[in-house]
């Protein structure tokens, strides 16, 4: 990931040496939980990709890089993201020379960073159809926030980064050439269970403002980052019906947790076990099924 790190203004003094907080109670997902509750949790958690209509996940090994923390904290956050990925079955690239595809940036001026990305590397903000949508994507609204570049992988393994601009398609129709500039060309299977297309993450940027997180321990922050790095959430403001670390920074949520809960682990395990080329409904059913099996594998 070629992000202009030299333009970042970073500060982590406020994020360190915080007093320990009382441990919070986690609620374990078990087979006795209502399937309806699990399905609603899954449906509200991750949005379908705009192009494929499916849930995105990592298909290539994650390679996180942390910017703006002292060496000790950098190592801790990086390792925590990798450890969570392994626990839930997400691919991890352990090579020292791996190309970074998750940038975790600690900065006290997050909007200045996003303004720079908007100006110089807007594709890192994610899919948009217009300049106005890109401007909206570049607005920082939360102390920990993520931006996702996604891609579509077809049945032959060909990958196209999702974006408004396409290569188009030219068709020869009886000697007359017809240009379809907005067409996307994929190899598909065309079965009733799915078309063979998979939605994958290509790059993820997670931006953290330590000035707004002084009451949280680094372990809680690392867990929240891991969740955002491994799945794209539908909303950071929705109070989840089941205990989840997503509620940690959502205003007005009664069920708070400062760590990844069994529900979170169950969701992520389901995400990385599901058939990525199936329909959205099939994917959601698979994830809910895995959550219902309980905290095994954690």
Looking at the stretch 66-73, is at least one residue assigned to a strand (DSSP E or B), closer than 14 Å to residue 228 by Cβ and modelled with pLDDT of 95 or more?
yes
Which count do you get for residues in the stretch 246-289 that are part of a helix (DSSP H, G or I) and more than 19 Å from the chain's Cα centre (by Cα)?
4
Which one is nearest to the chain's Cα centre (by Cα) among residues in the stretch 220-239 that are surrounded by fewer than 23 Cβ atoms within 10 Å (Cβ to Cβ) and in a loop (DSSP other than H, G, I, E, B)?
232
State yes or no: is residue 251 at pLDDT 95 or above and more than 17 Å from residue 49 (Cα to Cα)?
no
Specify which of the listed residues (243, 295) is more than 18 Å from the chain's Cα centre (by Cα), at pLDDT 90 or above and in a loop (DSSP other than H, G, I, E, B).
243
Residue 194 meets each of (1) under 22 Å from residue 99 (Cα atoms); (2) touching a helix residue (DSSP H, G or I) at 6+ places or on another chain (Cβ under 8 Å); (3) crowded, with 20+ Cβ neighbours inside 10 Å; (4) at pLDDT below 95 with one exception, condition (1)
Any residue in the stretch 45-64 that is part of a helix (DSSP H, G or I), modelled with pLDDT under 95 and within 20 Å of the chain's Cα centre (by Cα)?
yes
Looking at (1) at pLDDT below 95; (2) over 22 Å from residue 56 (Cβ atoms); (3) touching a strand residue (DSSP E or B) at 6+ places or on another chain (Cβ under 9 Å), which is the one condition that is false for residue 221?
(1)
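For (1) within 14 Å of the chain's Cα centre (by Cα); (2) without any contact (Cβ under 8 Å) to a residue 60 or more places away in the chain; (3) part of a loop (DSSP other than H, G, I, E, B), each residue gets a yes or a no:
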site	(1), (2), (3)
76	no, no, no
100	no, no, yes
104	yes, no, no
108	no, no, yes
111	no, yes, no
116	no, no, no
Inspect all residues belonging to the stretch 26-44 and state whether any of them is surrounded by 18 or more Cβ atoms within 10 Å (Cβ to Cβ), modelled with pLDDT of 50 or more and assigned to a loop (DSSP other than H, G, I, E, B).
yes
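The values are calculated or read from the model by the stated rules, or taken from the named source; none is laboratory data. As the structure is a computational prediction, the values presented were derived from the model and not from experiment. So basically every Cβ, Gly included, is an ideal-geometry build from the backbone, and we count neighbours across all protein chains shown.
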